[in-house]
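All remarks here apply to the structure that follows.
The values are calculated or read from the model by the stated rules, or taken from the named source; none is laboratory data. None of these values were measured; they are calculated from a predicted model. FYI the Cβ positions are ideal-geometry reconstructions off the backbone, even for glycines, and counts take in every protein chain you see. All accessible areas refer to the heavy atoms of the entire protein, side chains included, with ligands and DNA or RNA removed. Shrake-Rupley method; radii C 1.70, N 1.55, O 1.52, S 1.80 Å.
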Amino acid sequence: MKNLKLAVKIGAGFGIIIFFMMIVSLFSWRGLHTLDEGVAGFRRIAQNTNLIGRIQTNTLQAQIGVKDFLITGGDNDIRRFEEFLGRSKEFMATAQKSVKNEERSRNLALAAEKIAAYESTFARVKAIKTERDQLVARLDQLGSTMEDTLTDLMDKAAKTGATSTGYKAGLAIRRLLLARLSVSEFLHTSDQAEAGKVVRELTELGPALEDLKGSLLRVEWQSLVDDVAKSLGANPPSSCWWT
């Protein structure tokens, strides 16, 4: 009987020990599970933070490419912009798949829209720059042609002793050269005062050409002045693209 009671006590003692071991094991498992989730969460946060940092870095590099392009207009700056913005968009797509938080997802979506808008805006800037370059080249060509024509006319007047014609041709050339100088200054500085000078000189050039033509007796000389006037009328001051 005593042995039976002792066995019961020993069994009960072992049962209590096993019960506490089960409780400890349960809490240990929950602790490990929570720790595992915490590590996974921390890893996800670190990954997302790294992605956001890469998005920011590549977007800033793309912006630098834009600024350099506005200064130099070089193709290398365009390629730099496209390369870094492309990377930024790739990291953005990865981040949008990785981030689970609704608020952060909305912020990423908004940032993605801004990046897309930035890209489309730069495309417009490139188109405007191309148009600008074409206009500048045309202005330069027209200016050189008008200057050569008036210089040729002044040379003819000097050889034939037509002093008045040479003088008036020189005045017209002066107006033209001042206008071209102001065009160059405006393209370099974007100073509206220089644009105003261009308009003023070209406006004065028209009457100067009329006065020059009126003093000419030779028809072939008059046709030279007409050619200059036509070139001037191709880009009249009242509709200049820089105003």
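Before moving on, here are some points about what is shown:
- The separation of region 45-122 from region 191-228, counted between C-alpha centres, amounts to 52 Å.
- The HN-Hα couplings worked out from phi for region 131-139 by the Karplus form 6.51 cos²θ - 1.76 cosθ + 1.60 (θ = phi - 60°) are 4, 4, 4, 5, 5, 5, 4, 5, 4 Hz, whole numbers, x standing for Gly and Pro.
- Integer Hz, Karplus 6.51/-1.76/1.60 couplings in order for region 144-155, x for Gly and Pro: 5, 5, 5, 5, 4, 5, 5, 5, 5, 5, 5, 5
- Accessible surface ranking that places the most exposed of I52, I115 first, with a 1.4 angstrom probe: I52, I115
- Solvent accessible area, Å² - F69, 1.4 Å probe, full protein context: 10 Å²
- Accessible surface for E185 stands near 80 Å², nearest 10, in the context of the full protein assembly shown (1.4 Å probe).
- Backbone HN-Hα couplings from phi across region 106-111 [Karplus 6.51/-1.76/1.60, Hz, Gly and Pro as x]: 5, 5, 5, 4, 5, 5
- Magnitude of the charge dipole for region 84-243, about its Cα centre and with charges confined to Cβ atoms of Lys, Arg (+1) and Asp, Glu (-1), is about 680 debye.
- Under 12 Å, Cβ to Cβ, from T203 - net charge with Lys/Arg +1 and Asp/Glu -1: +1
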